[in-house]
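Working notes, beginning with the structure itself.
The values are calculated or read from the model by the stated rules, or taken from the named source; none is laboratory data. In this text the structure is predicted, and so the values were computed from the model without any measurement. With ideal geometry, Cβ positions are generated from the backbone for all residues, glycine too; neighbour counts draw on all protein chains shown. When the accessible area is computed, the model is the full protein with side chains, heavy atoms only, and any ligands, DNA or RNA have been set aside. Shrake-Rupley method; radii C 1.70, N 1.55, O 1.52, S 1.80 Å.
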Amino acid sequence: MTAAKTIDPKRIDRVLARHPQGKPTALVNLLHDLQAEFRYLPELAMEKAASYLNVPNGQLFRVATFYESFHLKPRGKHIATVCTGTACHVRGAPKLTDHISREFEIPVGGTTKNMELTLETVNCVGACALGPLLILDGEYHGNMSPAKLDRTLKTIKRG
Amino acid sequence: MPIRFKINDVAVEAKPGEGLLDVARRNGFSIPSLCHLESVPAIGACRICLVEVRRGRRSKLTTSCNYEVLDGIEVSTDSPEIRRHRAMNLELLLARAPSSEAIRKLAAQYGVSQPRFGPIKYNPLPNCILCELCVRACTELGHHALTTVGRGDRKRIGLPFNKPADTCVGCGACASVCPTHCIPMTDTLTKRAIWGQKHDFVRCSECGAPVITKKHRDHAIATKGLPEDYYDVCQSCKQIATSQRFAAIVW
Amino acid sequence: MTSPFKNAAELEKHQKQLQGQKQLPSTIAVCTSGCVAYGANRLVDAFTKAVKSRKIGDQVRIIATGCQGFCERGPLVVVHPQEWFYEKVDGKDINDILDSALKGKVLKRLLHKDAKGKTYQKESEVPFYRNQKRLLLAQNSRIDPCSIDDYLRAGGYAALAKALTKMAPEEVIEQITASGLRGRGGGGFPAGVKWKSCRAAASKNGVRYIICNADEGDPGAFMDRALIEGNPHSVIEGMIIGAWAVGHPGKPQGFVYIRNEYPLAVERLGIALEQARAAGLLGKNILGSGLNFDIQVNRGGGAFVCGESTALMASIEGDVGRPRAKHIHTVEVGLNGKPSNLNNVETWANVPLIIDHGVKWFTKIGTGDVSDNPWGGSKGTKIFALVGKVKNTGLVEVPMGATLREIIYDIGGGIRDGKKFKAVQTGGPSGGCLPESKLDVPVDFDTLVQEGSMMGSGGMIVMDEDTCMVDVAKYFVGFLKFESCGNCTSCRDGLIRLHELLEDITTGRGSEATIQLIEDLAETVRASSLCALGTSAVNPLQSTLRYFRDEYLAHVQDQRCPAKVCKELITFTIDAKKCNGCTLCAKRCPQDTIEGKKKKPYTIIQDNCIKCGICMDVCQQDAVIVQ
């Protein structure tokens, strides 16, 4: 990916400026905001964040890789998130992840080569009544089944 | 006011804030452990230094390294239950680090020779038991060149942003504290290779032996206020020089 | 909103004013919590547009509320003041609802019907609600969570005014202790006892942290989300009262650690905090009492372990959520090394109720006797997320001591699709699975622990005959091996190995020796891990071994999965008698392994079958059988 080269440092600085300098307590909030800006955490953004908050690079990297919310690689144009909460699990969520994995040839957490789709899971979004649940680009699709998935994902290009 | 308590029915004393494992060892009690050094903060990672602590009517198993001693506690360092859990934890660690001599030996003492578990699936640094002594030593020395990465079954030891750190001085503390010797470090007369970097050695002006990496010397002189020529001569040549001076005076 | 309240009298005056104001004839409350998954946001927009275009803004108010509870029947709409309860509301119902509201005539076709065909007009009459005791959730279908005036009108912040002007901090602590309020996050530690120790702990500069744990990480639980999305001010009010009790006259500082996967909750909490600041309820000299207190929001990073108090504090400090040994309690040495009082969202939301209505009122609800021992019972209500294979999925609030049967059958309506009940899982990944024989157990802190489960934060997942209990144990162990911080050998490697062993069983490679090794290893994980994630991680596993051992044995002795879930142990076949040869399954099979001739029965070639179940999904003749 060439995405890293096209990151504008000014965009990073604008996000940093919204947080108190030198305060490690802002770290997780700041990483969320950086990710909201870039859809993932570019290395340059993480390095700048570390020096802005005055935490060692090691600590920042440890935090960025520990928390499930953060993505260190660019993600696809579309994000399919399968809820894997217990309610969704007993109603068949594993069938959904299996199906998307197989159809798009990506593991959970992976992105298709054409950067069209990233497959992710989430522990629970509190819409258990509608399980199993797929969230496609923020839109909830309830009572999913592998057969219904094909319809929901049909506009996404394979490859 | 010293803290007074008992280990295996023997009365002992300690300073407030001391760790139970350190106090026990000082008093001659042997408790096995793989992840503890007095000079770095205790984290209770390996779970081998388990002991039983009774406090009033309540009794529980706890690791001794990260247990701050309290007045009046009664500690047992051995029991069938303790041995059973130490053995299981050692079996888990042996499966993770099958070629570590230290772990094989300790496991054998607990009757474990062949783990019932297969090779660990995610294991980017073979034989690493994730005790974090390397990370803690590096952090304690102020270098912050190593860190843990990820969590749970994907946790590993690694470099910040997966690339050699500018702040690594090649001191080798990480490799020397590692209980399983799993951190690759190769020294030649002139260079040390570690964590994807090659560091030049300062060579002893007397015998030519490697003394310290140049980067480590510069860091030590800058941070500890040592004289510029402090590392020009190696320790053994310094000792020889001292004894020669001493001999000259005596004779 | 007017200018900040300088004292309690100003607050009370404003409240009286609001209560005296004439309300619009009709308020239409649309649930926008879980119901957004049904498209509730579009519904709100459409309502708002319709009101505008029909120029009836002076007669009808549209509000987007938090979770109203009966998720199964969403999107939900309640029309006030009549309290008409409409379910499964669609965009095309909007004008009918508006017409009926204007005319004051109920719209019958959207009312709830029970199995016998009886309809119910009011929310509180619907059996799902009738059998609950909604105190914390009482306002959820009434108020706009983004309006502090709605909260004030309903009597909000009166408890704060009372505490700050009429009660000394110690007195507040006494009341909370006497109420028997115990931590709703799962631990069940008496809140008053915690507050007292935190107040008593030494702090050099007087800083004490008041923390709200809103990192609801249990998969299958959304109680805290519902409270924050539906009534954020109740949580904030509880925290301010806590700051007064625990931290005044020192320097109390507040934090809410909230799960970032709940964007709406984060947003509504932020709005509510701004409103509270503008009203002078946060900031300097609150209501003239001398209390200085504000609350900062920290978003979580998606780590279940951060629900553990020391891990949560490490996370606020800007590091990984690694728990530390708790030989020294966080009430003494917590966040930044200072005394810290952490309670969960639901615990905080209970505080204003107790201060408002008094100890007597609160202790009448629940079990046991807490008059001289705060551990002596479980008082008040508890909110549960009732989910899984139950008919009426939703958010329910019941008095402590209600039985599992009452919750699952009277409120939940029993098992869906005519299936048989198998187990109920409470307490999330740290809890356990209870069988049918335990359905009459009263749900309180202590009884559930005795039975091998726990209250937890309130997830209640119902399982039926189609749920494989070995698979459930594997699911939770798999969840936790990923969520473990990775510090302790026993938790990290123990869970990795337990998962492998369970995998062996579910794929038919296990033996009775596998079960024995699982039991031994589980004991070590429990006995030698540092934090509660590790020590309770084996609860789902051990409880299923205790109550559903026969299912484990079926897997290892007969290589059979009784619930027909474990892929390696099942086969899909087509019943030639039912198959009409429609070709649908053959077309959809991702492996192209279904063969046959049009209009003749098809067959599945087993060698290539990956047991994805799509054929079963698409078959309209129910001809695909799983064995």
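Miscellaneous remarks
- Rounded Å value of the spacing that divides the Cα centres of the range C:323-402 and the range B:74-95: 36 Å
- Sequence-distant residues sharing a close amide H with residue C:390 (under 5 Å, placed H): C:416, C:462
- Degrees separating the helix A:57-66 axis from the principal Cα axis of chain A, which is the longest one: 10 degrees
- Applying the Karplus relation 6.51 cos²θ - 1.76 cosθ + 1.60 with θ = phi - 60° to the range C:394-407 yields 3J(HN,Hα) values of x, 9, 10, 10, 10, x, 3, x, 4, 8, 4, 5, 4, 5 Hz, where x marks Gly and Pro.
- Estimated dipole of the range A:78-152 in Debye, rounded to 20 [Cβ of Lys and Arg +1, of Asp and Glu -1, Cα centre]: 240 debye
- In order along the range A:101-110, the phi-based Karplus estimate (6.51 cos²θ - 1.76 cosθ + 1.60, θ = phi - 60°) of 3J(HN,Hα) comes to 3, 6, 5, 9, 6, 9, x, 4, x, x Hz; Gly and Pro are listed as x.
- By DSSP, the beta bridges lying fully in the protein assembly as shown are antiparallel in about 65 percent of cases.
- Here the 3J(HN,Hα) profile of the range C:29-46, calculated from phi with Karplus coefficients 6.51, -1.76 and 1.60 at θ = phi - 60°, is 9, 9, 5, 10, 9, x, 5, 4, 5, 9, x, 5, 5, 5, 5, 4, 4, 5 Hz, Gly and Pro shown as x.
- For the range C:228-255 versus the range C:488-547, the inter-centroid distance based on Cα atoms is 40 Å.
- Residue (of B:234, B:3, B:61) at the positive-pole extreme of chain B, dipole from beta-carbon charges: B:61
- Here is the list for the range C:37-89: trypsin sites (Lys or Arg not before Pro) lying in DSSP coil, each with at most 11 other C-beta atoms within 10 angstrom of its C-beta, are C:55.
- Shape call, the range C:255-318: gyration tensor on alpha carbons, a/c limit 1.5: oblate
- Cα coordinate range in the range C:477-614, projected on the principal axes (Å, largest first): 63, 29, 21
- In chain B, the sites counted are trypsin sites (Lys or Arg not before Pro) in DSSP loop states with at most 11 other Cβ atoms within 10 Å, and the longest stretch holding none of them, exclusive of the sites, is B:122-251.
- Shown here is the pair-distance distribution of the range C:380-464: with all Cα-Cα distances grouped in 10 Å bins from zero up to the longest one, the shares run 20, 61, 19, 0 percent.
- A Förster radius of 56 Å, combined with the Cβ-Cβ distance separating residue C:449 from residue B:27, puts the computed FRET efficiency at roughly 0.90.
- Whole-number percent relative contact order across the range B:133-246, with pairs defined as alpha carbons under 8 Å at least 6 apart: 17 percent
- According to the Kirkwood relation over distinct C-alpha pairs, the hydrodynamic radius of the protein assembly as shown is 31.3 Å.
- Rounded to the nearest 20 debye, the dipole magnitude of the protein assembly as shown is 1620 debye, with +1 charges on Lys and Arg beta carbons, -1 on Asp and Glu beta carbons, and the Cα centre as origin.
- Degrees, to the nearest 10: C:232-247 long Cα axis against longest axis of chain C: 60 degrees
- The reciprocal of the average 1/r between distinct C-alpha atoms defines the Kirkwood hydrodynamic radius, which for chain B equals 20.9 Å.
- Largest first, the residues C:440, C:446 sort by 1.4 Å accessible area into C:440, C:446.
- Ordering C:346, B:52, C:512 by accessible surface, largest first, gives C:512, B:52, C:346; the 1.4 Å probe counts only protein heavy atoms, with every chain in place.
- Taking a sphere under 14 Å around the Cβ of residue C:251 and counting the other residues whose Cβ falls inside, with K and R at +1 and D and E at -1, yields a net charge of +4.
- Of all DSSP beta bridges in the range A:75-159, antiparallel share, percent nearest 5: 55 percent
- Of the trypsin sites (Lys or Arg not before Pro) found in the range C:557-627, those in coil by DSSP whose Cβ has at most 15 other Cβ atoms within 10 Å are C:577, C:578, C:597, C:598, C:599.
- Were the residues from residue C:571 through residue C:549 laid out at 0.36 nm apart, the gain over their Cα-Cα distance would be 5.6 nm.
- The Rg/Rh ratio for chain C, using Cα coordinates for both the radius of gyration and the Kirkwood hydrodynamic radius, is 1.01.
- The C-alpha radius of gyration of the range B:101-150, expressed as a fraction of 2.2 N^0.38 Å, stands at 1.48.
- Mean projected area (nm²) of the alpha-carbon convex hull when chain A is viewed from all directions: 9.8 nm²
- Kirkwood Rh (inverse of mean 1/r, distinct Cα pairs), the range B:3-78, angstrom: 12.2 Å
- With a Förster radius of 60 Å applied to the beta-carbon distance between residue C:591 and residue B:113, the computed FRET efficiency rounds to 0.85.
- Our estimate of slack between residue C:297 and residue C:436, defined as 0.36 nm per intervening residue step minus the Cα-Cα distance, is 45.8 nm.
- Pairs of alpha carbons in the range C:324-366 separated by more than 11 Å make up 72% of all such pairs.
- The range A:31-50 and the range B:1-36: distance between their alpha carbon centers, rounded to Å: 46 Å
- If R0 is 60 Å, the Cβ-Cβ spacing of residue C:48 and residue B:189 corresponds to a FRET efficiency of close to 0.15.
- Label zone of residue B:123 (point 7 Å out along Cα→Cβ, amide N under 14 Å): in the range B:88-115 this covers B:91-101, B:103-104, B:114-115.
- In this structure, the amide hydrogen of residue B:191, modeled 1.01 Å from its nitrogen in the peptide plane, lies closer than 5 angstrom to those of B:201, counting only residues at least 5 positions away or on a different chain.
- At most 13 other Cβ within 10 Å, DSSP loop - trypsin sites (Lys or Arg not before Pro), the range A:81-159: A:113, A:154, A:157, A:158
- Proximal charge balance of residue B:145 [Cβ under 13 Å; K/R count +1, D/E count -1]: +2
- Mean Cα-pair separation over length for chain B, i.e. relative contact order, pairs under 8 Å, 6 or more apart, %: 12 percent
- Spherically averaged projected area of the convex hull of Cα atoms, the range A:3-66: 3.8 nm².
- Percent antiparallel among DSSP beta bridges (both partners in chain C, rounded to 5): 60 percent
- Under a 5 Å amide H cut-off, with hydrogens placed 1.01 Å from N, residue C:459 pairs with C:385, C:427, C:428 among residues at least 5 apart or on other chains.
- Mean ellipticity per residue at 222 nm, deg cm²/dmol - from DSSP H runs of n ≥ 4 across chain C, formula -39500 (n - 2.57): -11000 deg cm²/dmol
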